Amino acid sequence: MSDVPEPPTGRGMDAASETVVGTVAEPGERADEFVFVAPDAVDVRTGEFVVYETTAEGDSCDVLARVTNAEQERGLPGEFLADPGVEPEAVADALGVPSGDVEIDRVSARVVGYFDTEMETFANPRSLPDPGSRVALASDEFLEAVLPSADWESESATAHVGWLLNRETKAANVFMPIDAFAATHLAVLASTGSGKSYTASVVIEEMLRPQSRAAMLVFDPHGEYDTLDGMREDGNASVFQDGAYTPEVNVVTPDEITVAIPDLNYGDLLALLDEPSERMKELLDRAWRELQKESNEIGVRDIISKCEALDEGDHGTASALAWRLNRALNRDLFASAARNDLTDLVAPGQVTVLQLNRLSEDDQQMLAAALLRKLYEARKNAMRGDGDDLDFPLFTLLEEGHRFAPDGSARSLPILRTILSEGRKFGFGVGIISQRPSKLDADVLSQCGTQIIMQIQNPNDQQAIRQSVESAGEDVLDELPGLTPGQAVIAGDAMNTPVLTRIRERHTQHGAESLDATSEWRGSWQEWHEEQNRDVVDPYESDEEVDETPL
Ligand SMILES: Nc1ncnc2c1ncn2[C@@H]1O[C@H](COP(=O)(O)OP(=O)(O)OP(=O)(O)O)[C@@H](O)[C@H]1O
């Protein structure tokens with residue numbers, strides 16, 4: 001796939017409506033809802049967008065509404081049909097309507113509003129359509145332009161993530177304004193196998209295209225994002241390359257992952273130690289404070305020596321600590337030099353993928369905590385003019401987000417909470433990907449301003465979304481169990497109203513294809529079988545002389 005759709009250039013309101021699909025019947029259950037009837041032959045599904053005409057502030061305008069429910073209903077009056085002795089055809093004849101095709105749909109729709117071009121957002125028309133008003137399908141072009149909360153006239157880039165699900169294949173593009181979700185954070189939520197990492201990769205691809213050139217860092221606990229490297233292939237040049245620009249893909253493999261001891265804090269150190277006593281904690285606290293003032297190169301040996309120097313008496317506490325420190329820190333994972341040059345790790349036009357798949361969950365959390373604190377400090381300093389190490393915004397994605405920001409405790413949770421609440425001011429955006437929203441910290445989830453939500457069956461996870469995600473109305477939540485892989489509801493800051501989307505295909509290969517177990521078994525059996533029979537010579541088939549000497 002190499003055709004990349006161009007985003008709209010403005011909001012032409014002329015062709016808002018297309019085919020007339022029904023007639024307004026009555027107000028709906030909620031104050032902002034109305035019901036219209038449509039012939040059953042017209043396909044108007046939940047999540048579809050319709051328009052009706054009204055006048056607002058003296059001008060005629062098209063009001064957009066989102067279909068929240070569609071139910072089939074017999075079109076003939078119930079009082080006649082209640083008598084089983086009367087044939088439906090006879091009733092239809094008497095009413096002068098065709099008898100075969102008399103089903104109608106009762107469709108509920110919720111008013112989104114008319115598009116106020118000055119305010120660049122939807123405004124409430126403050127009245128429902130009059131019964132008898134015509135309802136038409138909103139046109140593809142109109143939806144493409146008004147659904148994203150994008151400022152088309154600015155130079156801000158948008159991410160082409162897919163197409164409207166209810167429309168013909170690839171008829172109406174769905175764009176997400178990158179600045180909106182990068183500033184107020186993103187959540188990608190779905191049951192396992194519904195397309196979370198696929199969708200997150202689509203978002204990364206879009207953010208690395210020449211029009212945005214993002215600085216991205218991916219925490220990848222399963223090692224499934226390395227195929228993003230495909231962005232650099234010649235076959236993808238038309239999408240990702242522009243003049244001197246080609247995205248950099250920096251995959252840090254499990255062997256190369258290190259945590260700088262000086263980047264840990266006292267709490268991290270303590271969490272690594274095996275049940276330290278109060279005296280050990282107090283000694284380590286003093287030693288750590290002194291060491292941090294003295295140098296930004298701290299090895300295990302340095303900590304132990306400092307503890308020994310400070311341990312008055314028989315060094316019993318220091319030697320008990322030494323044993324624990326060696327056990328915790330004497331591993332390849334730890335390096336003594338502080339990570340000074342953060343631009344090795346993050347840079348504009350580069351995605352760095354940290355493959356954490358060989359680390360324990362505790363180590364993954366500790367590494368994320370140390371790194372995120374360091375990056376956050378660097379961003380704050382750069383914004384204050386105290387350092388120009390990271391003088392560009394950052395966006396970090398955490399796959400298995402519930403592991404780093406669980407509903408409970410984790411070394412990485414406090415810094416994630418801080419970045420999610422304060423990061424906007426410092427150009428530090430976060431994307432949380434999770435299949436268990438109910439296991440995510442509720443504050444973290446509610447701070448993600450834009451959500452891409454895919455199929456979710458589990459009632460606890462649905463409940464977590466209901467409680468923490470403002471933009472997810474009941475009608476949106478009702479959609480979630482019925483979605484299939486690759487289908488999503490996009491809601492929140494990046495969109496003016498929730499949008500049912502078919503996520504586009506990746507330009508790069510997907511790194512997390514599920515294994516086709518039966519073909520793997522057949523293949524492995526065949527290899528094993530050939531291996532077993534490789535040296536067996538059939539004496540009757542072979543020309544070779546067979547040694548018949550008795551054993
Ligand atoms: N937009 C899409 N277009 C085409 N195929 C898709 C799309 N989204 C998902 N898929 C298919 O669905 C499969 C599952 O997607 P993915 O690996 O992203 O799921 P996941 O939710 O991350 O699962 P897990 O929790 O197991 O990691 C993919 O292997 C891919 O084949």
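Only the coordinates and a few stated rules stand behind these numbers; no lab work does. Model, not experiment: these values are computed from the prediction. With ideal geometry, Cβ positions are generated from the backbone for all residues, glycine too; neighbour counts draw on all protein chains shown.
The ratio of the alpha-carbon radius of gyration of the chain to the globular-protein estimate 2.2 N^0.38 Å is 1.26. Per-residue ellipticity at 222 nm from helix content only, as computed over the chain with -39500 (n - 2.57) for each DSSP H run of at least four residues, stands at -9500 deg cm²/dmol. Rounded if a/c is under 1.5, else prolate if a/b beats b/c, else oblate: with a ≥ b ≥ c from the C-alpha gyration tensor eigenvalues square-rooted, which is segment 139-237? It is prolate, given that a/c is not under 1.5 and a/b is the larger ratio. Annotation: the residues GLU53, GLU103, GLU118, sorted from fewest to most other C-beta atoms within 10 Å of their own C-beta, follow the order GLU118, GLU103, GLU53. Each of SER319, SER108 was scored by other Cβ atoms within 10 Å of its Cβ. Arranged with the fewest first, they read SER319, SER108. In this simple spin-label approximation, ARG331 and ALA90 carry label points 7 Å from Cα along the Cα→Cβ vector, and these lie 8.4 nm apart.
Applying 1/(1 + (r/R0)^6) with r as the Cβ-Cβ distance of THR19 and ARG534 and R0 = 56 angstrom yields a FRET efficiency of 0.25. Among ASP43, ASP461, the order by Cβ neighbours within 10 angstrom, fewest to most, reads ASP43, ASP461. The label point for SER524 and the one for ASN250, both projected 7 Å from the Cα toward the Cβ, are 3.7 nm apart.
Taking Cα atoms only, the orientation of helix 300-310 departs from the longest principal axis of the chain by about 60 degrees. The modelled label-to-label distance between ARG417 and GLU155, using points 7 Å beyond Cα along the C-beta direction, is 3.9 nm. Determine the gain in length on full extension of the stretch GLU470-SER238; use 0.36 nm per residue of separation and subtract their C-alpha separation, reporting nm with one decimal. Between GLU470 and SER238, full extension yields 79.7 nm more. If the chain linking ASP285 and ALA442 were pulled fully straight, counting 0.36 nm for each residue of separation and taking away their Cα-Cα distance, it would gain 53.3 nm.
Here's the list of aspartates and glutamates a cross-link from LYS170 could span, going by alpha-carbon distance under 14 Å and ignoring same-chain residues fewer than 8 apart: ASP3, GLU6, ASP140, GLU141, GLU144, GLU505.
About its Cα centre, the chain has a charge dipole of approximately 2500 debye under the convention of +1 per Lys or Arg Cβ and -1 per Asp or Glu Cβ, with nothing else charged.
Can you give me the angle between helix 459-468 and the longest principal axis of the chain, using Cα atoms only, in degrees from 0 to 90, rounded to the nearest 10? Tilt of helix 459-468: around 90 degrees. Segment 238-299 and segment 365-387 have their alpha-carbon centroids 12 Å apart. One chain, two ends: THR484 and ASP362. Fully extended at 0.36 nm per residue, the span grows by 40.6 nm beyond their Cα-Cα distance. Structure note, pairs LYS306/LYS374; LYS196/LYS281; LYS281/LYS380; LYS196/LYS425; LYS380/LYS439: Cα-Cα distances above 32 angstrom occur for LYS196/LYS281. Taking GluC sites (Glu not before Pro) across segment 281-385, the ones in a DSSP loop with at most 14 further Cβ atoms lying within 10 angstrom of their Cβ are GLU312. Pairwise inverse Cα distances across segment 383-506, averaged and inverted, put the Kirkwood hydrodynamic radius at 15.5 Å.
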